[in-house]
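These notes are about the structure you will find just below.
The values are calculated or read from the model by the stated rules, or taken from the named source; none is laboratory data. Because the structure is a prediction, the values reported are computed rather than measured. When we count neighbours, we look across all protein chains shown, and the Cβ atoms used for this are built from the backbone with ideal geometry, even at glycine. The protein model used for the area step is the full one, side chains on, heavy atoms only, and it has no ligands, DNA or RNA in it. Shrake-Rupley method; radii C 1.70, N 1.55, O 1.52, S 1.80 Å.
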Amino acid sequence: MKFGGTSVASGENIRHIANLIANYVGQGYAIVAVISALKGVTDRLVEASEQAKNGNRDYIREFIQEIVEKHLTATRKAVENKVIRKAVEQEIRATVDELEKVLTGIIYLGELTPKSKDYVLSFGERLSTPIVWGALRDLGLNAQHYTGKDVGIVTDSNFGEASPLMNVTKHQVKEKIEPLLGKGIVPVVTGYIAATQDGVTTTLGRGGSDYTATIVGAALDVDEVWVWTDVDGLMTSDPKIVPSAKMMPELSFQEATEMTIFGAKAMHPRALEPVMEENIPVRIRNAFNPENPGTLIVKEQKIKPGDAVKAITLVKDVALVNVSGAGMVGAPGTAAKVFDVLGKENINILMISQSVSEANISFIIQRSLLERAVSTLEIALLGRGLIREVTAENDVCVVAVVGAGMKGTPGVASRIFTAIARKGINIRMIAQGSSELNISFVVKEIDGEETVRAVHEEFKLNKI
Ligand code: ADP
Ligand code: ASP
Ligand code: MG
């Protein structure tokens, strides 16, 4: 069971999920709990690391105060037993002391490397997990808490977006956790954070607690992975954009993967990989509405006739890069060169399209990587006459329309684009994977939400 930021947003919520876990343990389930940082804390840590780099001592002093208070307040609400509460409080103070030292170090160095940033970001989960542990102990459960590193999750050293080394990880996690479960212990594990083989702290990328849960699930060959969150399941669209969005009772791994890659934030984009290989079902559920069975993600693709489009997602914070030049026409390997250059910089490409004339290639990347992408491309390619120009737009977003039933159903694209045209919205770029599982396109960011609503309405997804 994985609990996201909202599920542990406050002491009351932590008590609530501890009761939820205790209830299932009482029914005979063996459970590993994977815990996110308290809501908003990871964002605050990102901000603090930047402020530290800029030498803002006052900010850091106040930030440390705020973090201690936040976690101690949650502890007071979550844990009643005095002895247990004291143990949690001590741990929080010691951990925050360490955080303060790290941030002070960054102030002195005036430098924030991806490695040191991961170290800072790891503190959110390191602070939340002991509180959940305390709440479980308070309820009389035999719980123990661990970091991802403690349980043996090892990754490469791609700080900020590290990939697990699955073979070693699976072996180590199994060795560590299985005996605990055998003794009736409930292991409570930090989500999101892991370590390199040398023991240096890494993170799995934002939203990575989902990934931790499926890694642990695959290692233990569990029956199911349950992702507890603040919505009833995966919905036909983000309910914050389309209030009439409906919960989908069942989805295939493939469909869910397309959705998460394209921003259905309920899950980390790579989180389904470990369980997909082992064919372990995943359930997305609402921690505050546990009577609802949630969305079940399984292997089989169930397609009902007429059910072409299932869901629409919106990806913000992206940028469009356009590489052009007549030299690209009929020059084999230009695309390879472009993607090679970006790949070496660890810049992930979300979407690609190339015109028939071959005179330009457009692609979409994360907005925060834009400057690096453009300068890398300019340095590597401009000088060689292969391309003439690299241009970029950073006020765009991607809308992705997903559904296994779109495969072989003619007319879906035309309905989508007609619906959008009716709203007077201009499309900047289009791509359809040959899987035909999704059609994605790029519009101006200010038009993004309206585009999502228009397509949702066109396919009457609120009526399904
Ligand atoms: P957690 O803190 O539990 O990890 P996240 O914020 O990462 O939760 O993900 C849950 C949020 O994802 C929901 O509150 C919802 O607003 C958003 N979301 C976006 N698209 C979808 C979708 N298609 N289905 C469900 N939730 C979505
Ligand atoms: N706390 C991390 C984040 O906000 C991981 C997670 O919550 O899944 O990205
Ligand atoms: Mg999340």
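Shown for the stretch 26-140: the carbon plus sulfur share of the solvent-accessible area, taken with all protein chains present and a 1.4 angstrom probe, equals 47%. If I fit a long axis through the Cα atoms of helix 209-220 and take the longest principal axis of the Cα atoms of the chain, what angle between them do I get, 0 to 90°, rounded to 10? Tilt relative to the chain: about 70 degrees.
Please report the equivalent ellipsoid semi-axes of the stretch 164-285, computed as sqrt(5 x eigenvalue) of the Cα gyration tensor, largest first, in whole Å.
Largest first, the stretch 164-285 gives 27, 16, 13 Å.
The residue 355 and residue 175 beta-carbon pair, evaluated with R₀ = 56 Å, returns a calculated FRET efficiency of approximately 0.60. The calculated FRET efficiency for residue 93 paired with residue 197, based on their beta-carbon distance and R0 = 25 Å, is about 0.20.
Shape annotation for the stretch 336-464: C-alpha extents along the principal axes are 54, 31, 27 Å, from largest to smallest. Stretching residue 372 away from residue 316 to a fully extended chain increases their span by 18.3 nm, per 0.36 nm per residue minus the current alpha-carbon distance. Under the criterion of Cα pairs below 8 Å and six or more residues apart, the relative contact order for the chain equals 13 percent. Taking the DSSP beta bridges with both ends in the stretch 227-331, the antiparallel portion is around 40 percent.
Ligands, DNA and RNA are left out, and with a 1.4 angstrom probe the accessible area of the chain is 44 Å² per residue. In order along the stretch 178-187, the Karplus-derived 3J(HN,Hα) couplings, from 6.51 cos²θ - 1.76 cosθ + 1.60 at θ = phi - 60°, round to 4, x, 5, 4, x, 8, x, 7, 9, x Hz, and Gly and Pro are given as x.
Once the Cα atoms are used to define both axes, helix 123-138 deviates from the longest principal axis of the chain by about 40 degrees.
How much length, in nm to one decimal, is gained on full extension between residue 83 and residue 432, taken as 0.36 nm per residue of separation minus their Cα-Cα distance? Length gained between residue 83 and residue 432: 119.8 nm. One decimal place: the segment residue 47-residue 73 gains 7.2 nm when fully extended, by the rule 0.36 nm per residue minus the C-alpha distance. Helix 82-109 versus the longest principal axis of the chain: what angle, 0 to 90°, nearest 10, using Cα atoms? On a 0 to 90 degree scale, this one is about 50.
Compute log10 of I(q)/I(0) for the chain with the Debye formula, placing one identical point scatterer on every Cα and leaving out solvent, at q = 0.06, 0.09 Å⁻¹, to two decimals. Debye intensities relative to I(0), on a log10 scale: -0.29, -0.65. The alpha carbon convex hull volume per residue for the stretch 92-241 rounds to 152 Å³.
A compact globular protein would have a Cα radius of gyration near 2.2 N^0.38 Å; the ratio found for the stretch 243-301 is 1.11. Using equal-weight Cα scatterers in the Debye expression, the normalised intensity of the stretch 28-80 in log10 at q = 0.31 Å⁻¹ is -1.18.
Take the Cα of residue 101, step 7 Å along the line toward its Cβ, and report every residue of the stretch 185-222 whose backbone nitrogen sits under 18 Å from that point. Once the point is set 7 Å along Cα→Cβ of residue 101, 199-202 turn out to lie under 18 Å by backbone N, inside the stretch 185-222. Suppose we look only past 23 Å in the calculated P(r) of the stretch 1-109. What percent of the Cα-Cα pairs does that tail hold? I get 38 percent for the Cα pairs in the stretch 1-109 exceeding 23 Å.
Our helix-only sum for the chain, with -39,500 (n - 2.57) per DSSP H run of n ≥ 4 divided by its residues, gives a mean residue ellipticity at 222 nm of -13500 deg cm²/dmol.
Under the simplified labelling scheme, the residue 150-residue 344 pair shows an inter-label distance of 4.2 nm, with each label point 7 Å from Cα along Cα→Cβ. For residue 227, nonlocal amide neighbours, meaning residues 5 or more places apart or on other chains whose placed amide H falls under 5 Å from its own, are 2, 283, 284, 285.
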